[in-house]
Amino acid sequence: MNTFQSLVYRLSRLAAQLSAVLLVYMVLHILLEIVLRSFFATSTFVLDEMVGYGVAAMTFLTLGYAVHDDALIRVNIVASRLRGRAKRALETLCLAMTLAMSCYITWYMWIGVKRNWDRGAVSESIAEVPLWIPEGLVLLGIVLFSIQLFALLVKQLTPVSRVTSE
Amino acid sequence: DVKWDMSNEYSNTSIHGEGDSYFVQQLSEKSDGKFAITVHFGGALGFKSKDHLDAVGDGAVQIADTLAAPLGGIDPIFQLTALPFLAKTPEEAKILYEVAKPYYDAVFEKNNQKLLYASPWTPSGIWANKPVTSMAELANLKIRTYDANGTVALRAAGAAPIQLSWGDVVPQLSTGGIAAVLTSADAGASGKFWEHLNYFTEVNYAVPLNMVHVNLDAYNALSSEERQQLLDAAKAASEHNWSALVERRANNYKKLEANGVNIVTDAPVAYLEGLSTAGQTAIDQWLEKAGPNGAKIIADYRQRLGM
Amino acid sequence: MDALVTGLIVLTLIFFFLGTGTWVFAGLLMVGVTGLALLLDFSPQRIGVILSKIMVRSASSWELAAIPMFVWMGELIFRTDISDRLFRGLTPLVNRIPGGLLHTNVLGCTLFAAVSGSSAATTATVGKITTSELAARKYDVNLSIGSLAGAGSLGLLIPPSIVMIIYGVLAEVSINKLFAAGVLPGLLIAGLYSAYIIYRCVRQPELAPRSSEGYSFVQCLHGIWLLMPILLLVCVVLGSIYSGLATPSEAAGVGVAATMVLIIVTGQFSWTIFTESLMGAVKVSCMVCSILVAAAFLSTAMGYLHVPQDLAHAIGSLDLSPYVLILILALFYIMLGLFLDGISITVMSLPITLPLILQAGFDPLWFGVFLVVMVELGQVTPPVGFNLFVMQNLTGHPIGRVARAAAPFFILMSIAVVILTAVPELALWLPATLFDTVP
Ligand code: NA
Ligand code: NA
């Protein structure tokens, strides 16, 4: 079970590292655009499009890593007053609800990505980016997030003794 | 009673925003208030024009008012109204629309929807700090374009097209980051371009169209009486919008003049023909994507114009 | 008053889903889904389509891109001696002022607001630099959190500002004049905050421990020298905007690059700092952006429920006198601000409220500033208040405590709204002076 947990976490971290690469890319693209526009009177013509894809991919690809590392905000008014089994039950409920929501989103995003793949839809810019690529990255992020939630749920449902006995 | 939601990316004071309000009001009158459409202006529902084909097809909204060109990546036919210097006046745009209507209908039907009507934007021209009435004046002009066609055409004409998001246009104008903008007098007026630029040169670059389309399931669920009310209101709105264009442009020009903008309407014919030649580059690229249908539409259109 | 009932139901749903302790962004999505299913009887298929499309669309946003980049800039500053120098530099300068380094929150946010167009980025960046330093120096936590949450929202009022650009486009008001109009009200609010900090610390000096030693003139000069790196960064970013090299949205990229150059030149660059700052930045911006995306979906749901439109229509039908209208609109915007983000509030309400305002004889330029302050108020009100979320993330304190700490600053901002309404010249004077001098 521990190997499953750590494998999933390594996947999540890998996706977050991809996000970090995207962030570096976004900064570089902006600098390139400024230089081209200011000194060469030209443009990459796709800055807001590419950076837009970058932000979307970044946000979703980091979700799994962020949820594992407790970087996503939650309101702990009730949970902080609970102890023992009640607390575990509430945590399980949160994980289960979020996992259900995440799977629901995954399904409809999958339909969208598949449709854009099938009909060969591209962006309207000069780059004509196939739309399944940026949407596919978002989908990948949501899928990895679901897997990470599932792993956390399994950990939550595993009896405490087995988790602590490394 | 029927209650629909309509998505429009543009504000309620834009030419299509006002057209939507007219359409909704007509429909309300014809149905004694039983057929109500709530328009969500300014993209308040969260959809952009490029989302509308799927949003309407999947029934996320029943009806939408959509700038056609951004859908060009899904089907090239939607790029037709954005082709540079093809339809130069509202009259020509209407003829082009009539020629292409069967093809639009087919695409919309394939996507589980029905095209109700289309209506025009005011023609785009060049906003700058000088009249742009010759190729020499256009040469190396740092000009913001709004789509790929404009980039291709203006680059072919020797200008230096720049791509910026609309929100960045005014800040860049005020700091001199760009020198000119390719857009309509209408859009320039809404951005108060006269604070930075004092010439609008009418080059009749293009007359883009917005299309109002409705989900086929929602449409089929209407009674025959309601369907008739919808179609009647659409017809009235379409006529209203095409005739509003003339008045809108006159008002825009009055507003521009009141704010010290010089409107140049007499660009030399040779220059305009030169621009058309440059625009042909974009049209050729489009023809490659659009296949035999595209070629047929252009041929039929040129025949209707007597060219 | 159906809209009011609908609004209350949605609010209840928010309290329920966020109350279970689920992640805020997931909770907001659940509220939207449940609202559409329960109140409008939408099918799961229709909701799924709307949900997936809105999430992709709202995340793929050029305007959003400034957030991860400014956050990264903050992470870099935090991990190098720039932030430490900021504090050591300000210490002799603000030592005589009651409240001491607490003023760095207000000053820092005001400075940073002139660089960044969003309040989430302002709060996160300045907060990253100041919270741990202030806590280490035993400053009062409540005042520290509250002043940061309040001052962070200046990011929207002091130019450049994303919300102002959106308002300018929708209301056809000059964006440059809007930017100018926001400056004095922004400084007024900053001044109110500082005055409040002074007042509190005069009454309870233990809130802000000050070193007993006096600082000499030379030490003050040295303090200014220590501030050079941060001032240099602000100058580079501002300079890139006002020279026309970069657009306000691109300025974040310039900020990161300038910070990186500074770190390399001062010999502090290391691969560890680079990767740790990046991973920290993607985590924080994932938190902020995912909540913004969820809030966009909630706004869409509210749009389908017609809540903002119906409420605004109801207000319009009351036929109120100008000042009563403003009062009611203020309450209306505070209510929307409880659970919507600023851009959504602006876009959804404007088609109805703007005509009312014009009819009542108010200047649309003034109303733009008024609206931005109302949006800022929404940033610090629970349950959905972005600055509160950011502060919760930075300090680890529960949202209730953060919200209570921010409450005095909410009141101060409300006082600023009253002043702004009584003295509209506060907003209108600067743009008139700058832009209308030519006859
Ligand atoms: Na700002
Ligand atoms: Na709020």
Check your understanding: Would segment B:61-79 turn up any residue that is among the hydroxyl-bearing types (Ser, Thr, Tyr), free of Cβ contacts under 8 Å to residues at least 60 places away in the same chain and not in a helix (DSSP H, G or I)?
Key -> no
Study note, to complete from the structure: Going through segment C:402-439 in order, the residues found to be farther than 21 Å from C:Gly186 by Cα and free of Cβ contacts under 8 Å to residues at least 60 places away in the same chain are C:Ala403, C:Asp436, C:Thr437, C:Val438, C:Pro439
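Give segment A:81-108 a look and list any residue that's without any contact (Cβ under 8 Å) to a residue 40 or more places away in the chain, out of contact with any Gly (no Cβ under 8 Å at 6 or more places or on another chain) and within 7 Å of chain C (Cβ to nearest Cβ), or say none.
Within segment A:81-108, the subset without any contact (Cβ under 8 Å) to a residue 40 or more places away in the chain is A:81-87, A:89-90, A:93-94, A:97, A:100-101, A:104-105, A:107-108.
Still in the running and out of contact with any Gly (no Cβ under 8 Å at 6 or more places or on another chain): A:81-87, A:89, A:93, A:97, A:100-101.
A:Leu93, A:Met97, A:Met101 - these are the residues of segment A:81-108 that are without any contact (Cβ under 8 Å) to a residue 40 or more places away in the chain, out of contact with any Gly (no Cβ under 8 Å at 6 or more places or on another chain) and within 7 Å of chain C (Cβ to nearest Cβ).
For the condition away from ligand 2 (no atom under 16 Å from the Cβ), within 21 Å of C:Trp225 (Cα to Cα) and among the aliphatic types (A, V, I, L, M), what is the one hit in C:Leu102, C:Leu51, C:Leu64?
Working: C:Leu51 fails: within 21 Å of C:Trp225 (Cα to Cα); C:Leu64 fails: within 21 Å of C:Trp225 (Cα to Cα).
Answer to the check: C:Leu102.
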Check your understanding: How many residues does segment C:48-62 contain that are more than 7 Å from chain A (Cβ to nearest Cβ) and aromatic (Phe, Trp, Tyr)?
Key -> 0
Exercise for review: Mind checking which helices (runs of 4 or more DSSP H) fall wholly inside segment C:338-431 and carry at least 2 residues that are within 16 Å of ligand 1 (Cβ to nearest atom) and either within 14 Å of chain B (Cβ to nearest Cβ) or within 17 Å of the chain's Cα centre (by Cα) (or both)?
Suggested key: C:342-359, C:364-379, C:386-395
Study note, to complete from the structure: Of the listed residues (A:Val67, A:Val75, A:Val51, A:Val55), the one being over 18 Å from the mean Cα position of the chain (by Cα) and surrounded by 23 or more Cβ atoms within 10 Å (Cβ to Cβ) is A:Val75
Practice item. Would you tally the residues in segment B:145-167 being outside any helix (DSSP H, G or I), open to solvent by 20 Å² or more (accessible area, probe 1.4 Å), at negative phi and not hydroxyl-bearing (Ser, Thr, Tyr)? Key: 2
Revision key, fill the gap. Over segment B:258-298, the set of residues open to solvent by 60 Å² or more (accessible area, probe 1.4 Å) and part of a helix (DSSP H, G or I) is B:Ala258, B:Val269, B:Ala270, B:Glu273, B:Thr277, B:Asp284, B:Gln285, B:Glu288, B:Lys289, B:Pro292, B:Asn293, B:Lys296
Check your understanding: In the list C:Gly108, C:Gly99, which residue meets the criterion of being more than 20 Å from C:Glu250 (Cα to Cα) and within 16 Å of ligand 1 (Cβ to nearest atom)?
Key -> C:Gly108
Practice item. List the number of the failed condition for C:Gly168; all other conditions in (1) open to solvent by 10 Å² or more (accessible area, probe 1.4 Å); (2) modelled with pLDDT under 85; (3) more than 13 Å from ligand 1 (Cβ to nearest atom) hold. Key: (1)
Practice item. Considering only segment C:202-233, state which residues are over 21 Å from C:Ser147 (Cβ atoms), open to solvent by 80 Å² or more (accessible area, probe 1.4 Å) and not in a helix (DSSP H, G or I). Key: C:Ser212, C:Glu213
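Regarding segment C:127-135, can at least one residue be identified that is at pLDDT below 90, within 16 Å of ligand 1 (Cβ to nearest atom) and open to solvent by less than 10 Å² (accessible area, probe 1.4 Å)? Steps first, please.
Here is the first cut: in segment C:127-135, the residues at pLDDT below 90 are C:127-135.
Of the ones still in play, those that are also within 16 Å of ligand 1 (Cβ to nearest atom) are C:127.
Add one more test, that the residue is open to solvent by less than 10 Å² (accessible area, probe 1.4 Å), and what stays is C:127.
Yes; the residues of segment C:127-135 include at least one that is at pLDDT below 90, within 16 Å of ligand 1 (Cβ to nearest atom) and open to solvent by less than 10 Å² (accessible area, probe 1.4 Å).
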Exercise for review: Just name the residue that is nearest to C:Gly244 (Cα to Cα) out of those in segment A:35-55 that are more than 9 Å from chain C (Cβ to nearest Cβ) and not aliphatic (A, V, I, L, M).
Suggested key: A:Phe39
Review point. Going through segment C:143-158 one residue at a time, which ones are within 10 Å of ligand 1 (Cβ to nearest atom) and either of a type in the set (Val, Ile, Thr) or more than 12 Å from the chain's Cα centre (by Cα) (or both)?
Key: C:Ile158
Check your understanding: Under the condition of being in a helix (DSSP H, G or I) and in contact with a Leu (Cβ under 8 Å, 6 or more places away or on another chain), which residue from segment B:27-54 is nearest to C:Ala296 (Cα to Cα)?
Key -> B:Gly42
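Any idea how many residues of segment B:36-53 are open to solvent by 10 Å² or more (accessible area, probe 1.4 Å) and more than 7 Å from chain C (Cβ to nearest Cβ)?
Initial filter on segment B:36-53 (open to solvent by 10 Å² or more (accessible area, probe 1.4 Å)): B:36-39, B:41-44, B:46, B:48, B:50-51.
Checking which are more than 7 Å from chain C (Cβ to nearest Cβ) leaves us with B:36-37, B:39, B:50.
Counting residues in segment B:36-53 that are open to solvent by 10 Å² or more (accessible area, probe 1.4 Å) and more than 7 Å from chain C (Cβ to nearest Cβ) gives 4.
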Review point. Just a yes or no: is a residue in segment C:76-85 closer than 22 Å to A:Met26 by Cα, part of a helix (DSSP H, G or I) and open to solvent by less than 10 Å² (accessible area, probe 1.4 Å)?
Key: yes
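Given C:Leu64, C:Leu13, C:Leu36, C:Leu28, which one is in a helix (DSSP H, G or I), free of Cβ contacts under 8 Å to residues at least 24 places away in the same chain and either buried (at least 21 other Cβ atoms within 10 Å of the Cβ) or in contact with a helix residue (DSSP H, G or I) (Cβ under 6 Å, 6 or more places away or on another chain) (or both)? Before you say what the answer is, go through the steps one by one.
On the way: C:Leu64 fails: free of Cβ contacts under 8 Å to residues at least 24 places away in the same chain; C:Leu36 fails: free of Cβ contacts under 8 Å to residues at least 24 places away in the same chain; C:Leu28 fails: free of Cβ contacts under 8 Å to residues at least 24 places away in the same chain.
Of C:Leu64, C:Leu13, C:Leu36, C:Leu28, the one residue that is in a helix (DSSP H, G or I), free of Cβ contacts under 8 Å to residues at least 24 places away in the same chain and either buried (at least 21 other Cβ atoms within 10 Å of the Cβ) or in contact with a helix residue (DSSP H, G or I) (Cβ under 6 Å, 6 or more places away or on another chain) (or both) is C:Leu13.
Could you tell me whether B:Val170 is β-branched (Val, Ile, Thr), open to solvent by 20 Å² or more (accessible area, probe 1.4 Å) and either within 14 Å of chain C (Cβ to nearest Cβ) or out of contact with any Pro (no Cβ under 6 Å at 6 or more places or on another chain) (or both)?
Numbers: β-branched (Val, Ile, Thr): yes; open to solvent by 20 Å² or more (accessible area, probe 1.4 Å): no; either within 14 Å of chain C (Cβ to nearest Cβ) or out of contact with any Pro (no Cβ under 6 Å at 6 or more places or on another chain) (or both): yes.
For B:Val170, the condition - β-branched (Val, Ile, Thr), open to solvent by 20 Å² or more (accessible area, probe 1.4 Å) and either within 14 Å of chain C (Cβ to nearest Cβ) or out of contact with any Pro (no Cβ under 6 Å at 6 or more places or on another chain) (or both) - is not met.
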**Study point:** Of the criteria (1) more than 9 Å from chain A (Cβ to nearest Cβ); (2) at pLDDT 90 or above, which one C:Val282 fails
**Key:** (1)
Study note, to complete from the structure: Over segment C:374-389, the set of residues open to solvent by less than 10 Å² (accessible area, probe 1.4 Å), closer than 13 Å to C:Met335 by Cα and more than 6 Å from ligand 2 (Cβ to nearest atom) is C:Met374, C:Val375, C:Glu376, C:Leu377, C:Val380
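From the list A:Leu32, A:Leu11, exactly one residue is modelled with pLDDT of 95 or more, part of a helix (DSSP H, G or I) and either in contact with a strand residue (DSSP E or B) (Cβ under 8 Å, 6 or more places away or on another chain) or within 12 Å of chain C (Cβ to nearest Cβ) (or both). Which is it?
Numbers: A:Leu11 fails: either in contact with a strand residue (DSSP E or B) (Cβ under 8 Å, 6 or more places away or on another chain) or within 12 Å of chain C (Cβ to nearest Cβ) (or both).
Among A:Leu32, A:Leu11, only A:Leu32 is modelled with pLDDT of 95 or more, part of a helix (DSSP H, G or I) and either in contact with a strand residue (DSSP E or B) (Cβ under 8 Å, 6 or more places away or on another chain) or within 12 Å of chain C (Cβ to nearest Cβ) (or both).
Check segment C:75-91 and report whether any residue there is within 16 Å of ligand 1 (Cβ to nearest atom) and touching a helix residue (DSSP H, G or I) at 6+ places or on another chain (Cβ under 8 Å).
Filtering segment C:75-91 down to residues within 16 Å of ligand 1 (Cβ to nearest atom) leaves none.
No, the conditions are met nowhere in segment C:75-91.
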Review point. With (1) of a type outside the set (Val, Ile, Thr); (2) within 24 Å of C:Leu192 (Cα to Cα); (3) over 15 Å from the mean Cα position of the chain (by Cα); (4) open to solvent by less than 20 Å² (accessible area, probe 1.4 Å) as the list, and C:Ala312 as the residue in question, which single condition is left unmet?
Key: (2)
Review point. Which condition breaks for B:Leu230 when tested against (1) without any contact (Cβ under 8 Å) to a residue 60 or more places away in the chain; (2) open to solvent by less than 70 Å² (accessible area, probe 1.4 Å)?
Key: (1)
Point to revise | Qualifying residue in segment C:108-118 (condition: within 14 Å of another protein chain (Cβ to nearest Cβ), in contact with a helix residue (DSSP H, G or I) (Cβ under 7 Å, 6 or more places away or on another chain), within 16 Å of ligand 2 (Cβ to nearest atom) and open to solvent by 10 Å² or more (accessible area, probe 1.4 Å)) | key: yes
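The values are calculated or read from the model by the stated rules, or taken from the named source; none is laboratory data. Remember, it's a predicted structure, so these values are computed and weren't measured experimentally. All Cβ positions, glycine included, derive from the backbone under ideal geometry; neighbour counts span all protein chains shown. Calculation scope for accessible area: heavy atoms of the full protein, side chains included, ligands and nucleic acids excluded. Shrake-Rupley method; radii C 1.70, N 1.55, O 1.52, S 1.80 Å.
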